[in-house]
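This report concerns only the one structure given below.
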Amino acid sequence: MSTADSRPSASSALDAARQELIDKTIHGAAGRIAAERYADRVDTLAQRLFFEAPPSPTPVVILALGGYGRRHLTLHSDVDVLVLFEGPIGAGEEQFLRGFLHPLWDLPIVVGHQVRELADFARLETDNPEFLLALLDARRIVGDPALHSRFLAAFHGPAAHAAILALLQSL
């Protein structure tokens, strides 16, 4: 039996992570550390699904967004992710997306996802301030570290942050 065959299913792994958080809550220990531990367990699950998916022909990185990005994940929190590709999304990238996202969607969690190319961040998407706000807390879960660095350079700058603040003030 291979290592992959001896691991619990993705659903069982999620159930175990949830049960751990419930147990911590029952024993009065469901503070920040418990929420971070739960986020870490969901990270491990996402990493597993990433490596079980067909490989992307172009660099890809999975980022946690919003509260999940801050590691403030509670039992019924949405798990918001950004799947970021270095270049255009073709058939091979679509195959990776199906292999990664479909098993994630099959789990009993609410998954919010965005799929983007790095070039999409050359200009801010001003009609979606909630997404921009969630991006401020983006945290790499798995995937190409160099692509993540290029995303940070493209998105996190004084001009982008000032524009996001102006958008949020106008809401």
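The values are calculated or read from the model by the stated rules, or taken from the named source; none is laboratory data. Only a predicted model underlies this, so the values are computations on that prediction, with no experimental measurement involved. Every residue, glycine as well, gets a Cβ built from its backbone with ideal geometry; the counts of neighbours run over all protein chains shown. Side chains are part of the model used for accessible areas, which takes the heavy atoms of the whole protein and leaves out ligands, DNA and RNA. Shrake-Rupley method; radii C 1.70, N 1.55, O 1.52, S 1.80 Å.
Structure notes:
- Restricting the stretch 77-97 to residues that are in contact (Cβ under 8 Å) with a residue 24 or more places away in the chain and surrounded by fewer than 17 Cβ atoms within 10 Å (Cβ to Cβ) leaves a set whose member that is nearest to HIS148 (Cα to Cα) is GLY87.
- Filter result for the condition that a residue is open to solvent by 80 Å² or more (accessible area, probe 1.4 Å) and within 15 Å of the chain's Cα centre (by Cα), over VAL110, VAL115, VAL142: VAL110
- Lone unmet requirement of (1) crowded, with 17+ Cβ neighbours inside 10 Å; (2) in a helix (DSSP H, G or I); (3) modelled with pLDDT of 90 or more for PHE121: (3)
To keep it simple, each residue is scored yes or no on (1) touching a helix residue (DSSP H, G or I) at 6+ places or on another chain (Cβ under 9 Å); (2) without any contact (Cβ under 8 Å) to a residue 12 or more places away in the chain; (3) buried (at least 16 other Cβ atoms within 10 Å of the Cβ); (4) in a strand (DSSP E or B).
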site	(1), (2), (3), (4)
PRO55	yes, no, no, no
THR58	yes, no, yes, no
ARG71	yes, no, yes, no
THR74	yes, no, no, no
GLU125	yes, yes, no, no
